[in-house]
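Quick notes on the structure that follows.
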Amino acid sequence: MVPIEIAASYRARTRGLLGRDGVQGALLLTPAGSVHTFGMRFPLDVAYLSRDFVALAVRTMPPGRLGLPRVRARHVLEAEAGRMAEWGLRPGTRVEITPGGGAPGSGTPQGGLPGSGISCPDAGR
């Protein structure tokens with residue numbers, strides 16, 4: 001189980017991971033269909049997720065980039081570069097969100113929801 005922060009308010013989605021030196025686990029932006037890395041201090045793995053949390057595309061974005069909007073994307077999952085490959089997250093993988101599964105002290109962005117967890121049960125299939 002990977003700890004996750006959920007940014008569900010406009011303010012939390014706008015802030016995202018800006019100003020941080022890293023992230024423990026991942027950040028889920030919802031609703032969202034695109035992201036940028038302007039002002040980021042580290043490269044990100046970005047997964048564009050459908051309404052039912054299936055990965056449509058997974059990209060690594062260095063700081064200072066604008067991601068292409070994904071028409072069918074309803075959520076965006078962000079993590080430190082290289083993490084999604086470790087988790088087995090690739091296009092076609094379904095992501096499961098589990099409430100309360102986050103690591104203690106994983107933090108919550110303002111307007112976000114308390115720590116939860118994600119898993120990729122079909123990873124490796």
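Please find, among Leu66, Leu28, the residue that is touching a residue at least 12 places away in the same chain (Cβ under 8 Å), of a type outside the set (Gly, Ala, Ser) and more than 13 Å from Ile118 (Cα to Cα).
Step by step, each of Leu66, Leu28 is checked, and only Leu66 is touching a residue at least 12 places away in the same chain (Cβ under 8 Å), of a type outside the set (Gly, Ala, Ser) and more than 13 Å from Ile118 (Cα to Cα).
Which one is modelled with the highest pLDDT, of the residues in the stretch 88-125 that are farther than 25 Å from Gly19 by Cα and hydrophobic (A, V, I, L, M, F, W, C)?
The residue in question is Leu89.
Is there a residue in the stretch 38-48 that is under 18 Å from Met84 (Cα atoms), of a type in the set (D, E, K, R), at pLDDT below 95 and touching a helix residue (DSSP H, G or I) at 6+ places or on another chain (Cβ under 9 Å)?
For the stretch 38-48, residues under 18 Å from Met84 (Cα atoms), of a type in the set (D, E, K, R), at pLDDT below 95 and touching a helix residue (DSSP H, G or I) at 6+ places or on another chain (Cβ under 9 Å): absent.
As an exercise: evaluate Leu89 against (1) within 14 Å of Ile6 (Cβ to Cβ); (2) touching a helix residue (DSSP H, G or I) at 6+ places or on another chain (Cβ under 9 Å) and give the number of the one condition it does not meet.
(1)
Hand me the list of strands (runs of 3 or more DSSP E) wholly inside the stretch 1-84 holding 3 or more residues that are within 11 Å of the chain's Cα centre (by Cα) and crowded, with 17+ Cβ neighbours inside 10 Å. Working first, answer last.
Numbers: elements: 2-7, 26-29, 44-49, 55-61, 75-80.
Fully inside the stretch 1-84 and qualifying: 2-7, 26-29, 44-49, 75-80.
The values are calculated or read from the model by the stated rules, or taken from the named source; none is laboratory data. Just so it is clear, the structure is predicted and the values come from calculations on it, not from any experiment. Every residue, glycine among them, receives a Cβ derived from its backbone with ideal geometry; neighbour counts consider all protein chains shown.
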